[in-house]
Amino acid sequence: MDSVQLTTAILGHIQGLAAQGCRVRFNWVPSHIGLRGNEAADEAAREATRHPAVALTVLPSIHGAKVLARSAAVCAAGQQYRQLVQTSRQAAWHKQATNNNKPLCPAQQLSRAEEVVLHRLRLGYLTLEELRDGFEERPCEHCPHMTPHPLTHYLLSCPATERLRQRVGPLENAAALVRQFQKNLPLLLEVARAAPPPDEH
């Protein structure tokens, strides 16, 4: 699978033998023609696979080491992200709203204000009021309702976003509603332009 890894390891073992005063000579021979030494080598290889403890350690090539490092980094990042999803409300929202990290990508160019709206819906941000000690609830900007969770109310209960819920049906999870519009961002943006999500201030 990695010939560079194999030849690098062989070279390392040859150099080790040379350091001990041994001479190593390579001879090419065609395979499977009944040469006694070749068949003995095949048998030795088969024996090594039956008893891995006698096999030589094959060090990875630089390419192989890079592949292993990239794989380990991806694995570590995935594990860290899964832990974050378990402990962070916004990370859990982001995962549900973006279908596990797929971005909300509109077909057309957006204004800065529209990009901010999508970003806020994607992250499930908390308003500054919610972050203050002693916060209990705030009025919705589009209806008389008082709510302890402004963005959740905006998406799941507010009359201003009724068109969104009519399109996808009732949902218990606000982040899941955002995800439902991955392929219909124009409607999500149209509703958000007419009735913006809760202001962060």
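Taking every residue in region 71-82 that is closer than 14 Å to Lys95 by Cα and pairing it with any residue that is surrounded by fewer than 10 Cβ atoms within 10 Å (Cβ to Cβ), at least 6 positions away or on another chain, the pairs with Cβ-Cβ distances below 9 Å are Tyr81/Asn101. Pairs under 7 Å by beta carbon, first residue within 12 Å of Phe181 (Cβ to Cβ) and modelled with pLDDT under 80 in region 101-121, partner open to solvent by 30 Å² or more (accessible area, probe 1.4 Å) and basic (Lys, Arg), six or more apart or different chains? Cβ pairs passing all conditions: Leu104/Arg122. Among the residues of region 142-192 satisfying the criterion of being hydroxyl-bearing (Ser, Thr, Tyr) and touching a residue at least 24 places away in the same chain (Cβ under 8 Å), which is farthest from Lys95 (Cα to Cα)? Out of the qualifying residues, it is Thr161. Every condition in (1) under 21 Å from Thr7 (Cβ atoms); (2) open to solvent by less than 90 Å² (accessible area, probe 1.4 Å); (3) modelled with pLDDT of 75 or more holds for Val58 except the one numbered (3).
Is there a residue being surrounded by fewer than 18 Cβ atoms within 10 Å (Cβ to Cβ) and modelled with pLDDT under 85 anywhere in region 147-160? No, region 147-160 has no match at all. When region 1-35 is filtered for residues that are assigned to a helix (DSSP H, G or I), modelled with pLDDT under 75 and either among the charged types (D, E, K, R) or loosely packed, with under 10 Cβ neighbours inside 10 Å (or both), only Ser3 remains. Is it the case that Asn38 is open to solvent by less than 100 Å² (accessible area, probe 1.4 Å) and either in contact with a Ser or Thr (Cβ under 8 Å, 6 or more places away or on another chain) or at pLDDT below 75 (or both)? Against the criterion (open to solvent by less than 100 Å² (accessible area, probe 1.4 Å) and either in contact with a Ser or Thr (Cβ under 8 Å, 6 or more places away or on another chain) or at pLDDT below 75 (or both)), Asn38 qualifies. Tell me, yes or no, whether region 96-117 has at least one residue that is open to solvent by 20 Å² or more (accessible area, probe 1.4 Å) and basic (Lys, Arg). Yes, region 96-117 has at least one match. Across region 118-146, the qualifying residues are those that are touching a helix residue (DSSP H, G or I) at 6+ places or on another chain (Cβ under 9 Å) and basic (Lys, Arg), and the one among them that is least open to solvent (accessible area, probe 1.4 Å) is Arg138.
The values are calculated or read from the model by the stated rules, or taken from the named source; none is laboratory data. These numbers were taken from a predicted model, which means no experiment stands behind them. We place every Cβ from the backbone using ideal geometry, glycine too, and count neighbours over all the protein chains shown. With ligands, DNA and RNA removed, areas are computed over all heavy atoms of the protein, side chains included. Shrake-Rupley method; radii C 1.70, N 1.55, O 1.52, S 1.80 Å.
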